[in-house]
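The values are calculated or read from the model by the stated rules, or taken from the named source; none is laboratory data. Since this is a predicted model, take the numbers as computed values, not measurements. Here the Cβ positions follow ideal geometry from the backbone for every residue, glycine too, while neighbour counts run over all protein chains shown.
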């Protein structure tokens with residue numbers, strides 16, 4: 001592109017791109033920046049009284065921001081994302097489904113390293129609702145080189161650099177190893193059911209078991225035999241090496257993936273896995289304080305499991321970076337209730 005300054009009274013030619021708004025005597029915009037001049041636009045510029053106007057002359061290999069931005073948006077958008085209508089000079093990327101945002105950070109950085117091209121997104125693993133804005137794609141100048149866009153398309157490949165992984169409906173069971181009274185158990189059940197409904201899953205079984213390895217192992221096995229695809233075991237005290245919940249895992253044939261998570265609140269959470277003929281069943285253990293409505297590490301791990309991700313020691317160890325879950329970090333949690341803080345059921 002070649003920048004040009006059109007002096008007062010100098011005629012304009014169709015095809016030039018405005019680099020600034022053109023206003024009438026009242027200050028109203030008559031020609032918007034970024035517009036490609038047509039015959040009518042040239043006639044407006046020919047009216048007396050205007051000052052110099054900045055324009056861009058497109059050269060071979062140049063591409064206007066509108067088709068360039070549309071191509072960039074479609075290139076970066078992966079599964080379960082749609083490109084919305086141009087707004088504010090950028091192309092929005094909108095979630096088609098409720099799920100987890102997944103960002104290929106390395107390729108996104110490469111795309112953003114190209115001249116003139118900008119893509120900004122929600123953070124990786126952010127929970128989004130259907131119809132929610134996930135990011136935008138934008139061309140910084142009004143005209144860019146077609147080769148930059150083509151390079152971005154090659155970098156993105158067929159899968160883009162961002163997608164939304166939808167939540168998969170799952171049958172979930174809960175084993176409670178503490179003696180809760182009826183009111184406490186009802187509170188737990190109501191809170192857990194509400195959280196699971198957000199993901200399209202259901203709580204199919206709640207069993208209060210004696211705090212012995214044999215009883216807990218039996219409850220775990222019974223949950224899996226009845227078709228549970230995810231099991232929570234509440235009330236464990238994992239700082240105790242003789243905690244019956246940890247001993248029950250071996251009896252049930254489960255493998256402990258990570259004993260404690262580098263995050264607060266939720267440090268004492270643990271994750272195990274049980275292989276069955278029907279597939280892999282995750283088991284999440286937590287103290288009784290994780291039973292109710294407040295946001296904890298449990299609410300960051302649960303969405304990933306219900307989106308079908310298999311988590312192990314490495315994935316949980318990575319939570320140390322950003323593991324201090326202060327009030328300022330609540331944006332990371334699922335919005336269970338529109339009127340409540342993210343991650344919480346209490347108003």
Which residues, counting only those in region 307-336, are modelled with pLDDT under 95, buried (at least 16 other Cβ atoms within 10 Å of the Cβ) and over 17 Å from the mean Cα position of the chain (by Cα)? 323, 325
Residues that are outside the structural domain of residue 101 (by TED's automatic domain parsing): which helices (runs of 4 or more DSSP H) entirely in region 138-255 hold 2 or more of them? 182-198, 213-225, 244-252
State all residues of region 85-95 that are surrounded by fewer than 15 Cβ atoms within 10 Å (Cβ to Cβ) and outside any strand (DSSP E or B); if no residue qualifies, say none. 85, 88
Count of region 52-83 residues which are touching a residue at least 40 places away in the same chain (Cβ under 8 Å), more than 13 Å from the chain's Cα centre (by Cα), part of a loop (DSSP other than H, G, I, E, B) and under 25 Å from residue 150 (Cβ atoms): 3
Can you find, within region 267-282, the residue that is farthest from residue 243 (Cα to Cα) among those that are modelled with pLDDT of 90 or more and not in a strand (DSSP E or B)? 267
Any residue in region 139-152 that is farther than 12 Å from residue 89 by Cα sitting within a Cβ distance under 9 Å of a residue that is loosely packed, with under 14 Cβ neighbours inside 10 Å and at pLDDT 95 or above? List the pairs, counting only those 6 or more apart or interchain. 143/59; 144/115; 145/61; 145/115; 146/61; 147/61; 148/115; 149/67
Does any residue of region 285-304 turn out to be in a strand (DSSP E or B), touching a residue at least 24 places away in the same chain (Cβ under 8 Å) and surrounded by 14 or more Cβ atoms within 10 Å (Cβ to Cβ)? yes
Number of the exception - residue 30 against (1) in a strand (DSSP E or B); (2) assigned by TED's automatic domain parsing to the domain that holds residue 121: (2)
Residues located in region 305-331, provided they are closer than 28 Å to residue 274 by Cβ and assigned to a helix (DSSP H, G or I): 305, 306, 313, 314, 315, 316, 317, 318, 319, 320
Criterion (without any contact (Cβ under 8 Å) to a residue 12 or more places away in the chain and not assigned by TED's automatic domain parsing to the domain that holds residue 296) met by exactly one of 326, 318, 340: 340
Is there a residue being closer than 21 Å to residue 296 by Cβ, more than 30 Å from the chain's Cα centre (by Cα) and surrounded by fewer than 18 Cβ atoms within 10 Å (Cβ to Cβ) anywhere in region 185-203? yes
